[in-house]
Every structure is written in C-alpha cells, then in structure tokens.
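J.: Before I ask anything, let me first share the structure, which is written out below as structure tokens.
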Amino acid sequence: TQADREAPLEPEDLERLAAAAFLVGDDASSIDALTRAHHGFLERSDPIAAARNAVRLAFTLFERPTVQAQATGWLARARRLFDESATDCADRGFLLCAEAFARVRANDADGAGRLFAEAAAIAARFGDRDVLALARHGQGRVLLFQNRTAEGLAMLDEVMVSAAASARRGTDP
C-alpha cells in the first residue's frame, strides 16, 4: 500500500495488493486494486489477465448482497473478454466456476454442476491445479446441495487432501 502511494503499481503488483487486502479483510482496498489491475491489463492489451481480474471482482462482490448487479456485470465483462480473445486457456475455468457459483445462488444445482464439470475438464487439460481445486470444491458443494452427502463430502475431502499435499510440497493445490 505504501509503495502504491509513492508510485502507481503495475497490474501484477495490484493483483498481489488485492490478494493481501482480501486476506486481511479489507474488501474495499481489494476491490479497488482488482479494478485498477483490470484496467491496467486492458491498457496493455492483455484481455485474458483483465478478464481474470473481472472474475476475481465478481467473486468478491458475490459476497456483498447489495452489489449483486455489479458482480453480474463483472462476469459479463469477463465472458466478453474471453470470447473476444478467442483464446483457449485455463483462466476460462475460473469464469465457469464463477458462473456456476451464480447458478448455485439461483438454486440451479444441475446447471452449476455442469459448469463446474466443464471447469474441471479445462483445468485437467491445462494442468491448472488452482482451477481444478476450485471446480472440484464446487462440484462437492453441489453434491451436498443435492443431498448426495457421501459423494459431496468425498469430493471435498479429495480437494482438501490435494491442497494439504501441495502445501507440504510448497506448490499450489
């Protein structure tokens, strides 16, 4: 934060600032940093990184009931950026997870399950453990929502084991 006051941070550093602010509970600073990172990546003509930050903004705003329209707007922007770039990449999995989360909130467990499964397939194709963990976590929660408790808990346990093993190895889940 101090470095940002002295000179505007680059988009990658704004992503780090957003994560740090989120982890200490400063949602307003996190949202501000993500928004600035999004615009910074657009100025650099990096639509994938800009879309990634739009998805992160949507996830953050989903937790604030008074700004659901903003969360939905950021998701729409991310989808447009991914579509316009016509780039097949792991980050699309994050978008699908966010869209699935929105479906869960709208009581569409089946639709959410399909989106989480699609995100898991993308993660597997690209070998992205972060997307895979998020997608499988979502699949587990959908199974619980569908009263398929044993399957859902098994899926969540698998995600936890993967994350714990990665933490011991010093890698991301």
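J.: What is the one condition in (1) under 17 Å from Val159 (Cα atoms); (2) assigned to a loop (DSSP other than H, G, I, E, B); (3) of a type outside the set (S, T, N, Q) that Leu134 does not satisfy?
T.: (2)
J.: Answer yes if at least one residue in the stretch 46-65 is modelled with pLDDT of 90 or more and over 14 Å from the mean Cα position of the chain (by Cα), and no otherwise.
T.: Looking for residues that are modelled with pLDDT of 90 or more and over 14 Å from the mean Cα position of the chain (by Cα), one finds at least one in the stretch 46-65, hence yes.
J.: Hey, Asp88 hits all of (1) assigned to a loop (DSSP other than H, G, I, E, B); (2) touching a residue at least 12 places away in the same chain (Cβ under 8 Å); (3) not hydrophobic (A, V, I, L, M, F, W, C) but one; which does it fall short on?
T.: Single failed check for Asp88: (2).
J.: For the stretch 1-57, give me each residue that is acidic (Asp, Glu), open to solvent by less than 60 Å² (accessible area, probe 1.4 Å) and under 23 Å from Val67 (Cβ atoms).
T.: Correct list: Glu15, Asp27.
J.: Answer yes or no: is there a residue in the stretch 138-152 that is in a loop (DSSP other than H, G, I, E, B) and in contact (Cβ under 8 Å) with a residue 12 or more places away in the chain.
T.: yes
J.: Being of a type outside the set (A, V, I, L, M, F, W, C), closer than 21 Å to Gly73 by Cα and under 15 Å from the mean Cα position of the chain (by Cα) is the requirement here; does Gly138 meet it?
T.: No.
J.: Take the stretch 1-37 and flag every residue that is charged (D, E, K, R) and out of contact with any Leu (no Cβ under 7 Å at 6 or more places or on another chain).
T.: Within the stretch 1-37, Arg5, Glu6, Glu10, Glu12, Asp13, Glu15, Arg16, Asp26, Asp27, Asp32 qualify.
J.: While we're on this one: I need every pair where a residue in the stretch 103-131 that is modelled with pLDDT of 95 or more has its Cβ under 6 Å from the Cβ of a residue that is acidic (Asp, Glu), sequence separation at least 6 or different chains.
T.: Leu115/Glu99
J.: Can you pull out every residue in the stretch 58-70 that is crowded, with 18+ Cβ neighbours inside 10 Å and without any contact (Cβ under 8 Å) to a residue 40 or more places away in the chain?
T.: Answer for the stretch 58-70, where residues must be crowded, with 18+ Cβ neighbours inside 10 Å and without any contact (Cβ under 8 Å) to a residue 40 or more places away in the chain: Thr60, Leu61.
J.: Here are the criteria: (1) open to solvent by less than 20 Å² (accessible area, probe 1.4 Å); (2) at pLDDT below 95. Tell me which single one Ala165 does not satisfy.
T.: Going through (1) open to solvent by less than 20 Å² (accessible area, probe 1.4 Å); (2) at pLDDT below 95 one by one, Ala165 breaks only (1).
J.: Here is a follow-up. Looking at Arg136, Arg79, which is the one that is touching a helix residue (DSSP H, G or I) at 6+ places or on another chain (Cβ under 7 Å), farther than 20 Å from Ser162 by Cα and open to solvent by 20 Å² or more (accessible area, probe 1.4 Å)?
T.: The match here is Arg79.
The values are calculated or read from the model by the stated rules, or taken from the named source; none is laboratory data. This structure is a prediction, so every number in the text was calculated from the model and none was measured. Note that we place each Cβ from the backbone using ideal geometry, even for glycine, and neighbour counts take in every protein chain shown. For accessibility, only protein heavy atoms count, side chains too; no ligands or nucleic acids. Shrake-Rupley method; radii C 1.70, N 1.55, O 1.52, S 1.80 Å.
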